[in-house]
Amino acid sequence: MFKKIVMSLAALGVAAGAYLRFIRPWQLRWGATDEEVARAMSGDDVVKQPTFNATRAVTIQARPEEIWPWLVQIGATRAGWYSYDWLDNLGKPSAQRILPQFQQVAVGDLVPLSPDGKQGMGVKAFEPNQWMLWWDKKGEMTWYWGLYPQDDSQTRLITRVRMHYRWLKPSILFSLLVEFTDIVMMRKCMLGIKQRAEREAAAAPRTVPVPYA
């Protein structure tokens with residue numbers, strides 16, 4: 001029995017070491033460049049000493065104003081999360097189109113995370129077509145979305161989640177859930193936004209400048 005316990009602890013230690021050495025560094029910066037990871041972003045000063053500080057990024061062939069509507073309508077009971085709907089949206093398919101009824105955003109608005117739409121994060125600040133910051137209203141977690149145009153038709157979508165773990169509080173269960181599963185949802189979500197925005201951008205008519213004679 002003692003031998004089994006020792007072997008189990010050893011296996012757990014090896015798994016934890018592998019996660020900290022290889023998996024965690026990768027998942028905390030999926031898709032992001034060194035410059036993007038180091039870049040100061042709105043809300044960085046809210047969570048002073050984050051235990052979890054993840055910056056993820058993806059390139060989207062669309063302009064910021066073509067991506068922004070997809071970000072504004074995110075949320076349970078709204079457009080969904082463009083991710084694994086069976087897991088984070090109670091099986092309801094995430095929206096495949098812009099929903100006019102969810103296109104208004106204001107500081108203090110709730111971004112629903114719970115199935116009943118009553119629990120979630122608050123909109124702390126935003127600049128239309130540029131960035132939006134959510135927070136837990138306690139200063140222990142922020143979630144930033146930023147749109148950084150690269151040229152006239154290409155944008156970097158960057159998201160940053162910062163969280164301070166409270167190891168001796170019940171909230172640590174949620175924190176650990178984020179620690180080990182957030183990358184799965186976030187990667188799928190960002191690729192879902194990319195797919196939708198690029199599809200709509202490709203279908204939209206573009207104005208081509210006519211040179212002077």
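Residue-wise test of (1) over 17 Å from THR159 (Cα atoms); (2) in contact with a Ser or Thr (Cβ under 9 Å, 6 or more places away or on another chain); (3) free of Cβ contacts under 8 Å to residues at least 24 places away in the same chain.
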residue	(1), (2), (3)
LEU90	yes, no, no
PRO93	yes, no, yes
PHE102	yes, no, no
VAL105	yes, no, no
GLY117	yes, yes, no
MET121	no, yes, yes
TRP135	no, yes, no
### Query
What are the residues in segment 177-193 that are farther than 22 Å from TRP68 by Cα, of a type in the set (A, V, I, L, M) and open to solvent by less than 60 Å² (accessible area, probe 1.4 Å), if any?
VAL178
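Quickly run through segment 58-80 and pick out the residues that are among the hydroxyl-bearing types (Ser, Thr, Tyr) and at pLDDT 95 or above.
First, pick out the residues of segment 58-80 that are among the hydroxyl-bearing types (Ser, Thr, Tyr): 59, 77.
Result: THR59, single match.
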### Query
For segment 97-134, what are the residues that are in contact with a Phe, Trp or Tyr (Cβ under 9 Å, 6 or more places away or on another chain) and of a type in the set (S, T, N, Q)?
ASN129, GLN130
### Query
Taking segment 130-152, which residues are surrounded by 14 or more Cβ atoms within 10 Å (Cβ to Cβ) and more than 23 Å from ASP109 (Cβ to Cβ)?
TYR148, PRO149
### Message
Need a quick list: strands (runs of 3 or more DSSP E) entirely within segment 118-166 having at least 1 residues that are under 30 Å from ARG199 (Cβ atoms), at pLDDT below 95 and among the hydroxyl-bearing types (Ser, Thr, Tyr).
### Response
none
## Note on the structure
Scanning segment 107-126 residue by residue, those among the acidic types (Asp, Glu) and either in contact with a helix residue (DSSP H, G or I) (Cβ under 8 Å, 6 or more places away or on another chain) or open to solvent by 70 Å² or more (accessible area, probe 1.4 Å) (or both) turn out to be ASP116
### Residues of segment 91-105 satisfying the condition of being aliphatic (A, V, I, L, M) and within 19 Å of the chain's Cα centre (by Cα)
ALA95, ILE98, VAL105
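Restricting attention to segment 80-99, does a residue exist that is closer than 29 Å to ALA40 by Cα, of a type in the set (A, V, I, L, M, F, W, C) and surrounded by 15 or more Cβ atoms within 10 Å (Cβ to Cβ)?
Just the residues of segment 80-99 that are closer than 29 Å to ALA40 by Cα, to begin with: 80-83.
Subsequent filtering for residues that are of a type in the set (A, V, I, L, M, F, W, C) retains 81.
Subsequent filtering for residues that are surrounded by 15 or more Cβ atoms within 10 Å (Cβ to Cβ) retains 81.
Checked against the condition, which is being closer than 29 Å to ALA40 by Cα, of a type in the set (A, V, I, L, M, F, W, C) and surrounded by 15 or more Cβ atoms within 10 Å (Cβ to Cβ), segment 80-99 yields at least one hit.
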### Summary
Reported set for segment 22-57 where residues are touching a His at 6+ places or on another chain (Cβ under 8 Å), surrounded by fewer than 18 Cβ atoms within 10 Å (Cβ to Cβ) and farther than 23 Å from CYS189 by Cα is LYS48, GLN49
### Task
Considering every residue within segment 202-213, establish whether at least one is at pLDDT 90 or above, within 21 Å of the chain's Cα centre (by Cα) and among the hydrophobic types (A, V, I, L, M, F, W, C).
no
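The values are calculated or read from the model by the stated rules, or taken from the named source; none is laboratory data. These numbers were taken from a predicted model, which means no experiment stands behind them. Glycine gets a Cβ as well: all are built from the backbone with ideal geometry, and neighbour counts include every protein chain shown. Quick note on the areas: whole protein, heavy atoms, side chains included, nothing else; ligands and nucleic acids left out. Shrake-Rupley method; radii C 1.70, N 1.55, O 1.52, S 1.80 Å.
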